[in-house]
Amino acid sequence: MKSNRSFICFFLFISSIEIIHTNDQIYPWLNLPSTPSLPHPNQGHFLQLTNHRLWYNICGQSIHSPVLFLHGGLANSDYWSLQIQELQIDFQCIVMDSRGHGRSSSLSSSSESISYELMTSDVIALLDYLHLDKVHVIGWSDGANVGLHLGMNYSHRLFSLFIFGANYKAGEDNQSIPPLFLTYLQRVEVEYKKSHSNEEYEILFDKLLTMWHQSPNWTKVDLEKIPSDLLIWIVSGDRDEVIPREQTETIFKWLPQSGQLTLPRTSHFAFLQDSQMFNLVLRKFLNQNRNSSTNGSTILTRSLNLLSFIFLFRLIF
C-alpha cells in the first residue's frame, strides 16, 4: 500500500509542474473546471450515526419526487453544484458527503472501514432519518456504484437510477494513472485538508485504494437482482479516462431494462466539463420517470374508478 501511495505522490509532483493547460477549449475532455459551490443556504446538517457523522444538505422545492446526488471517491457534494443550481427550481435536491469524505467525520485509522456496502447503509440511514420512502438517485463513480448496490438490495427505496461512470469489477493493479485524474487527486487533497488533517487524508486515501483494488466484484447474477421495472440509465463520457468502456458496455448488457447514453467530448468529469449538456440529460431522465409515474397513476386511478362504478352498478341493480 505504501508503494502505491509513493508512486502516486511521485506522479502528483511531476504533474504539478504543468498538466494539460493547453487546448482546454479544443479538447474539453482534457480540462477539469474548478469545483463549484453549492447554492445558499449551504451550511448543511449532520446526521449522527453509531460511530461517525454524515453531512447532508437539502436544496430546492418539493414539487416533484426528491433527488439524491451521490459523489465520487475522494470528492464531496460540491461537485454536484452545477446540477443542483439547475434542478432545485423544480426538484428537492439532496446531497450528502459520503462516509469519511468532505464535511462528514473522518475515518479512524483502526476501527472504521469503508465499502460500498457501508456507504449504501449510510444512504438508507439518511433516507430513514428524513422520512423519505423513495428517491431518484444520481450517482457518479463511487456514488454510481453505491446506486447500483442500492438497486440490488433496496430497490423499493428507489424511483430510478442515473448511473454515471460506474464499474462492476475492481480495476487492475497497473501503474497507469491518467494525467487528468492526477489533477483531480491534487485538487481533492487540498479541498479535504481545509477541514481535516494530513493524517486523516492519508487514512481515507489508503482505505479507498484498498477498496478500489478489491471491489466491486459483481456478476450478471448480482445485477439481475435489480428489478426489471426500475428505470435505469447507464451514462458515460466518450473519453472516460477512469472507467474502461468494456465495463460500461457490460453493465448495460446485463441490465436489459436500462438505457445507455454516451456524452460526447467529455470524460469522467462530464458534469463539470459540459454542465449544460449534462443538466439537459438529467432533466430528460427525471421527466421521463415523472411522466411514466404520472401515466401509471392515471391508469391506476381510472381502473379504480371503473371498479367502483361496477361495484355500485351491481348494488343498485
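The values are calculated or read from the model by the stated rules, or taken from the named source; none is laboratory data. Keep in mind that what you see is a predicted model, and the values were worked out from it rather than measured. Methodologically, a virtual Cβ is constructed for each residue, glycine included, from the backbone with ideal geometry; neighbour enumeration extends over all protein chains shown.
Numbers below:
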{"quantity": "Pair list, Cβ under 9 Å, 6 or more apart: segment 20-35 residue surrounded by 10 or more Cβ atoms within 10 Å (Cβ to Cβ), other residue at pLDDT 65 or above and β-branched (Val, Ile, Thr)", "calculated": "20/183; 28/266; 29/266; 32/183; 35/188"}
{"quantity": "Residue that is farthest from residue 127 (Cα to Cα) [pool: residues in segment 63-84 that are among the β-branched types (Val, Ile, Thr) and in contact (Cβ under 8 Å) with a residue 40 or more places away in the chain]", "calculated": "84"}
{"quantity": "Search result, residues across segment 269-290 that are basic (Lys, Arg) and touching a helix residue (DSSP H, G or I) at 6+ places or on another chain (Cβ under 9 Å)", "calculated": "283"}
{"quantity": "The lone exception for residue 7 - which of (1) over 25 Å from residue 118 (Cα atoms); (2) at pLDDT 90 or above; (3) out of contact with any Pro (no Cβ under 7 Å at 6 or more places or on another chain) it fails", "calculated": "(2)"}
{"quantity": "Among the residues listed as 262, 266, the single one being modelled with pLDDT of 50 or more, buried (at least 20 other Cβ atoms within 10 Å of the Cβ), touching a strand residue (DSSP E or B) at 6+ places or on another chain (Cβ under 8 Å) and closer than 30 Å to residue 33 by Cβ", "calculated": "266"}
{"quantity": "Residues satisfying the stated conditions in segment 23-60, i.e. farther than 12 Å from residue 125 by Cβ and among the aliphatic types (A, V, I, L, M)", "calculated": "26, 30, 32, 38, 58"}
{"quantity": "Some residue of segment 79-94 being under 19 Å from the mean Cα position of the chain (by Cα), buried (at least 18 other Cβ atoms within 10 Å of the Cβ) and of a type in the set (Asp, Glu)", "calculated": "yes"}
{"quantity": "Selected residue (criterion: farthest from residue 232 (Cα to Cα)) from residues of segment 120-139 that are among the charged types (D, E, K, R) and under 17 Å from the mean Cα position of the chain (by Cα)", "calculated": "122"}
{"quantity": "Qualifying positions in segment 238-291 - part of a loop (DSSP other than H, G, I, E, B) and either within 14 Å of residue 138 (Cβ to Cβ) or among the acidic types (Asp, Glu) (or both)", "calculated": "238, 240, 241, 274"}
{"quantity": "So residue 177, is it more than 22 Å from residue 107 (Cβ to Cβ), in contact with a helix residue (DSSP H, G or I) (Cβ under 7 Å, 6 or more places away or on another chain), among the hydrophobic types (A, V, I, L, M, F, W, C) and modelled with pLDDT under 95", "calculated": "yes"}
{"quantity": "Subset of segment 60-80 (residues that are at pLDDT 95 or above and over 25 Å from residue 189 (Cα atoms))", "calculated": "66, 67"}
{"quantity": "Residue pairs meeting the criteria (Cβ under 8 Å; at least 6 apart or on separate chains; first within 11 Å of residue 98 (Cα to Cα), in segment 108-127; second charged (D, E, K, R) and part of a helix (DSSP H, G or I))", "calculated": "114/207; 116/142; 119/142"}
